[in-house]
Every structure is written in structure tokens, then in C-alpha cells.
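The values are calculated or read from the model by the stated rules, or taken from the named source; none is laboratory data. On a predicted model such as this, the values are computed, not experimentally measured, just so you know. Here the Cβ positions follow ideal geometry from the backbone for every residue, glycine too, while neighbour counts run over all protein chains shown.
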């Protein structure tokens, strides 16, 4: 995390929660500063260290360090969840579609490793069935599709999921360490706040690496920069819900898309396989 992002978080927390303000005791002695409290929480999240180990660096006891961590995570969720754990915006969706096209998957908006039985009961596609998602239109092998898709149960989807959690683990070691907090509620807020902080880092650093990202050894000229067409029309009423659910579960479209993807990827990348 870059310095200006961390200092912005410290300032936001200081203005929104009295716990992260500079306070004085009855002897008019300064208490722990907001910067020290936030640094304590971030060191525990980033390095996965025990709470009492922070005392050597910041001179805060283990009990106070845990309290800093809990309060920090709760306030992070309260302040930033609506912005950094939201559904993709129009610009986000356009960027996702562009990167997916670069990888040979036009119209793809993500990956999932859900087992089909789990996926059938998952709320992941509720918004699609309710018509509350943008319509994505794309062509593949001269065939038109009007619904985005996720890669599932395959090598590429497994690679995406492992990459995402691998980067998250690298940023926040506490996620990969044995749970030292007994309360499940504490573990839940730690995980949720870590994802929010990671999204803040990605948003801040995106411009420094996104333009250099490419997944295959191919010239940039072979990648189309034309925006994927889509509209933000919201489909109304129950009839559209039934139709969307039927389209989402259409096995014929699924198999056609699968076959078209295989042909498309082969045609796009075979020249780079030597």
C-alpha cells in the first residue's frame, strides 16, 4: 500500500471514529496516536504477526493491539464497503471485458470454481435472473451472444482463483496464518476488511501496471482495443425474470459458447505456440 493511501485511511478513520483520535489522560499525557493505532492494525494484517510482537516496534501491548485490529477492521468495513465491495460499475465492466478479450475470452466477466450443486444454490446469479445487470453483447465465430459468462470448473478458472487468493495472501499474511483469534466474528471482519483494503490498493495502483499486463506472448497489435458494446438497461417484471432464468440455464447456448470459445482461442493463439 502506498503512503498516500494509508494516510488517507488514517485521516478518514480519525474523522469518523473517536477511538482513532489523539486523546489525553487525566495527567494530560498523550495517548496512543491515530497513526500508531492504524500502523499496528496494518502490521498485524500485512505480516500476520502475533499481537504482542507489535510491542517491540510501536510499543503497544498485545491486548491494545488486538483492540486496534478489531476497531480498525470494523471501521474499514463501515466506511469503504459501499465503494470497494460493490458490483462492477460501467467502467469496471468495460475494463473486465477488455482484459478478458485480451486473454481470448470475449464476453467473460469472471471465474468461479463452484461445484455445480453449490452453484445452483448460490446467490451469484440472482441479479442476472432479476434483470439487474448490464446486458453484454459480443460476437464469437460469427455468432451473436447477449449474456456475459463466467469460466467454471476448468484449468483457466482455477488459475484465476488461485492467482486472486495468492495475491491476497501475499498482501495480507494474516489470511494464510493459523487463526489466533477465537471468535468467528473477528475472523469474518478481518477477511472482509482485507479484501476491501486489497481493492483499494488495486484501484490506486491499477494505472501503474494495467497498461503493461498481457497474458500471452503476442504483439499488442493483435489485441482489439475496441470497447465491448453493452447497455445498462435494467429488465423489469416477473416475465423478464423467468425469461432471464431460462436463458441462463439454456444448455444449448452453453454448449455452443463452449465450442465457439475453443475455436476462437485456437484461431487466436495457435500462431504463438511454435
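A few remarks follow.
- Hey, residue 93 farther than 28 Å from residue 249 by Cβ, at pLDDT 75 or above, within 17 Å of the chain's Cα centre (by Cα) and surrounded by 12 or more Cβ atoms within 10 Å (Cβ to Cβ) or not: no
- Helices (runs of 4 or more DSSP H) within the range 1-110 that include 1 or more residues touching a residue at least 24 places away in the same chain (Cβ under 8 Å) and touching a strand residue (DSSP E or B) at 6+ places or on another chain (Cβ under 9 Å): 90-102
Residue by residue, here is whether (1) surrounded by 14 or more Cβ atoms within 10 Å (Cβ to Cβ); (2) modelled with pLDDT of 65 or more; (3) in the same structural domain as residue 38 (by TED's automatic domain parsing) holds:
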| position | (1), (2), (3) |
| --- | --- |
| 171 | yes, yes, no |
| 175 | yes, yes, no |
| 203 | no, yes, no |
| 217 | no, no, no |
| 225 | no, no, no |
| 241 | yes, no, no |
| 253 | yes, yes, no |
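- Residues that are surrounded by 14 or more Cβ atoms within 10 Å (Cβ to Cβ) and either in contact with a helix residue (DSSP H, G or I) (Cβ under 8 Å, 6 or more places away or on another chain) or closer than 17 Å to residue 244 by Cβ (or both) were ranked within the range 144-158; the one that is modelled with the lowest pLDDT is 152.
- Single residue of 41, 46 found to be surrounded by fewer than 18 Cβ atoms within 10 Å (Cβ to Cβ), farther than 30 Å from residue 249 by Cα and at pLDDT 85 or above: 46
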